[in-house]
Structures are given as C-alpha cells and as structure tokens.
Amino acid sequence: MSAHEPILAQLRNIGIIAHIDAGKTTTTERVLYYTGRTRALGSVDAGTAITDWMDQERARGITIVSAAVSSEWRDHRINLIDTPGHIDFTAEVQRALRVLDGGIVVLDAVQGVEPQSETVWRQADQYRVPRICFVNKMDRIGADFDRAVASLRERLGAEPAVLQLPIGAESSFEGVVDLLSMRAVRWADELGARREYDAIPSALREPAATARAELIERIAENDDALLAAYVDGVEPEPEQLLAALRRATLDLRLFPVLCGSALRNKGVQPLLDAVVDLLPSPLDIGPVHGVDPRTDQKVERQPDAKEPLTALAFKVAADPYSGRLTYVRVYSGCLRTGMTVHNARSARRERVGRLVRMYADQREDIEEIGAGDIAAMLGSKGTRTGDTLCAPEHPVLLETIAFPEPVVWVA
Ligand code: GDP
C-alpha cells in the first residue's frame, strides 16, 4: 500500500464471477490495469498500452492466473480472488465463494443472464455474497441493457438497482449517465484513462430522470429512514442514497447494476468505485465460525487483529520461482513471518517463512497479514488447500468437511 496500511474498512476481498465468454478475463485485466500501482496511467502511450501490458503479463505468466491479486483504488485495497472458470458445485468453487466478501457478476449485454450465470448466482446466494452486476459488451451488435436488466429480474428473481443508463449502444456506445450524480460520463481516449463529465444529452434527459426516480424509490423501499424522507417529498442527498443502497446491497435485497465495455475500456472505473462504495469490507461480514477440534464446540472469531489467529489456506499453487505458494485469508489475528502456527487439520505446527503480497506486476515481501486480508506464504510444505492455520493455544477448524484433493489423470 502506498503511504499507509489500510484499515479493515478499506479492504475489499472480491471475485469476478461470470459464465464463460461474458468477459471475466478482459474485465479482470482492465481492473488490474486501472488499479496498477506502478503504472502511471497518464504517461502510457495511447492505443496499445493495455494490450502490450497484457502481453508482457502473459509472457511472464505471473498474475492474471494468480489466486489472489492485490491492487488499490481510492485508498482501498482490493484483493481480487480468482473464481474457477468452470461453474459447478465443487469444493473449489465453494471455497472461492467462502473466501471472498463480495462479487462482480459480469453479464454479456447481448445474452443477459445465461444458464451458467444462474448456477453461480444461486451458489453466491447460498454463501450470502453481495454482488454488483456489470452488463459488459455494450458495444456488441444486439447489446440491450434493458433486456439484460430484465433478465436479472426474470431469471434470477433479483431486484436490480440500475445505477447507470448507457449513452448509445453497439458501435455508438460512448458512455453512461450516472443516475446518482446525474452526470454524463464519457471516455476521452482509447485507454479509458481520461474521463469527462458533462451534461446529460438532451435525448436522455427524460429517461434519466425517470430512471433516477425509480432508483430512489427502489432504494427508499428498502430503507426505513430514507422512506420516511421520501414520503415527505424530501430529495435525499447523494451520500444518503449511497449509504442506503450499500445497506440494501450488503443484505442482498438490491443488486446494483452498471454497464460498459471492458474491451473498449469503458465503464471499468465506475465499477471500481462501486466496489469501494457498495461492496462489504471484512468488518461488514462479521465473525467467522469454526469448531474447536479438541472439544467440538463452536468457535466464533471477530475480524480483529487482537483476536487469536484464524486463517484459511484456500489455494496451494506451484510457483515457477519459489516452489509452493499457499494463499491464505486471515479471518482474525495476525499472521507474521517467523511465527509458529498450528495446523488444525494435521495437528502439526508450522513455522511461517516468507509472506508475499501478489500484485499485478510484482510481488512484495511483507512482515504480516492482518485480519481480513489475503496474501501468500512461500515455501510452506505441510499446509494443504482447505487447512486452517491458527494460534497453537487457540485451535479452530474452519472447514470440517473433508474436501477431496483434485484428481490428476495421467494419460
Ligand atoms: P471470459 O471467458 O469470461 O473470461 O471472457 P473473455 O474476457 O475471455 O472474453 C471473451 C470474448 O469476448 C473475447 O473474445 C473478448 O475479446 C470479448 N470481449 C470481452 N469484453 C468485451 C466487450 O466489452 N465487448 C466486446 N465486443 N467483446 C468483448
């Protein structure tokens, strides 16, 4: 993190979930590009910088395939957790959903909700993961924002909170109207680095006013304080609206919807704003539950650095440079280099060697990971995917179900 470590409220652990081909990879790449901490967006040459950067990334093969990548946006740390591409009820999907606190659901603006999105949506419901929806590919022939929004309602029974109206569609898609601020947002260059804000185009003024009224009504219906003011005819302040929308999003009562085209570099920054403004921090998620393996008693741990350590190893990956990378999410306490932790599955102790935070274009050695945060342990041998690491004197097991190890078929 630049000058300071973010506090818990400034952490976002999120996953991008989508059916195949909706644009998950492209959206992820754009998110990493805009949040990249070493690239100065203003200085990149227009045009090919994103693709050049992606090619370099692919050549180095580090991070786009990383299980968790850290990045920064508006003083918040966003840990982007990879969700498996195949959407089924495997342990891997369940584990990914368990580790993340919020999700971006990417939909194709032509297809709307597809069968695979339905499956993952139900799984995210089961794990109570708050979500925002990104209607991607607004530049495609046949793109239809309203139809995609309707499909959220019809196929998923979700209550969408439409935050934007597209300006144009297909090849003339050029920006969005932000319904909270009632401004038009356009992208002034091919990289989408420069945003311009101006008045809403005259043809969209009326539809935007109607859509805004609907949005406010929807938010008010879900918020008692706002509803009282609304009934009295008081126009709510933007911050009030945002706070009420956030509460409804965290409760899974509303699903904010934005649109754009990741490929054309349009709409990704407002999506990042929505992640910061509307998705939960580990503090919003509250305590984690497990069992004490000695007594089988339920254990609750708060997302607090002062609590005993509770961490879940959610992915073990082979690393070409340093052997094994064990990705962990710390739920409570702190994981520090040099400390001895207890593995609640194997009942063995392990010394924590190096800890690294994975960024899009580098990794950084760190001394400790605090509650709510995610990073990787290097060279850890005894820890498997699904293991709980905890303070030796306060053992806790988070995953009691024995997940099968992935089977490798040898031809
Ligand atoms: P994933 O399978 O969900 O990871 O999808 P990808 O990001 O690989 O995208 C699938 C295809 O859709 C690729 O050919 C992308 O170039 C294309 N694509 C992604 N985003 C957009 C978009 O905003 N507009 C258009 N027209 N194509 C897109």
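The values are calculated or read from the model by the stated rules, or taken from the named source; none is laboratory data. This is a predicted model, so every value here is computed, not measured. All Cβ positions, even for glycine, are placed from backbone atoms using ideal geometry, and neighbour counts span all protein chains on display.
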Would you be able to say whether some residue in the stretch 226-237 is crowded, with 19+ Cβ neighbours inside 10 Å and either within 16 Å of Asp101 (Cα to Cα) or within 16 Å of the ligand (Cβ to nearest atom) (or both)? no
If we keep only residues of the stretch 243-256 that are closer than 19 Å to Ala211 by Cα and in contact with a helix residue (DSSP H, G or I) (Cβ under 6 Å, 6 or more places away or on another chain), then the residue farthest from the ligand (Cβ to nearest atom) is Ala244
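Table: residues versus (1) among the hydrophobic types (A, V, I, L, M, F, W, C); (2) surrounded by 23 or more Cβ atoms within 10 Å (Cβ to Cβ); (3) more than 26 Å from Pro280 (Cβ to Cβ).
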| site | (1), (2), (3) |
| --- | --- |
| Ser117 | no, yes, no |
| Val129 | yes, yes, no |
| Phe134 | yes, yes, no |
| Arg140 | no, no, yes |
| Asp146 | no, no, yes |
| Ala150 | yes, no, yes |
| Glu154 | no, no, yes |
| Ala158 | yes, no, no |
| Gln164 | no, yes, no |
What about Ser261, is it polar (S, T, N, Q) and closer than 24 Å to Asp144 by Cα? yes
Is it fair to say Leu271 is in a helix (DSSP H, G or I), within 16 Å of the ligand (Cβ to nearest atom) and among the aliphatic types (A, V, I, L, M)? yes
For Ile16, are the conditions met, namely being modelled with pLDDT of 90 or more and within 16 Å of the ligand (Cβ to nearest atom)? yes
Among the residues of the stretch 141-152, is there at least one that is under 30 Å from Glu399 (Cβ atoms), out of contact with any strand residue (DSSP E or B) (no Cβ under 8 Å at 6 or more places or on another chain) and of a type in the set (Asp, Glu)? no
Filter result (modelled with pLDDT of 95 or more, assigned to a loop (DSSP other than H, G, I, E, B) and either within 15 Å of the ligand (Cβ to nearest atom) or of a type in the set (Asp, Glu) (or both)) within the stretch 112-148: Lys137, Met138, Asp139, Arg140, Ile141, Gly142, Ala143, Asp144
If we scan the stretch 313-332, do we find a residue that is assigned to a strand (DSSP E or B), among the acidic types (Asp, Glu) and over 30 Å from Val31 (Cα atoms)? no
Check off (1) crowded, with 23+ Cβ neighbours inside 10 Å; (2) at pLDDT 95 or above for Leu100 and give me the number that stays unchecked. (2)
Could you tell me which of the residues Arg246, Arg336 is among the basic types (Lys, Arg) and closer than 28 Å to Val106 by Cβ? Arg246
In the stretch 19-50, what residues are aliphatic (A, V, I, L, M), modelled with pLDDT of 70 or more and surrounded by 16 or more Cβ atoms within 10 Å (Cβ to Cβ)? Ala22, Val31, Leu32
Quick check: anything in the stretch 350-361 small (Gly, Ala, Ser), closer than 16 Å to Ala68 by Cβ and without any contact (Cβ under 8 Å) to a residue 12 or more places away in the chain? no
Per the list (1) among the aliphatic types (A, V, I, L, M); (2) within 16 Å of the ligand (Cβ to nearest atom); (3) surrounded by fewer than 17 Cβ atoms within 10 Å (Cβ to Cβ), residue check on Val276 breaks on (2)
Scanning the stretch 333-361 for residues that are assigned to a strand (DSSP E or B) and either acidic (Asp, Glu) or in contact with a helix residue (DSSP H, G or I) (Cβ under 7 Å, 6 or more places away or on another chain) (or both) gives Glu350
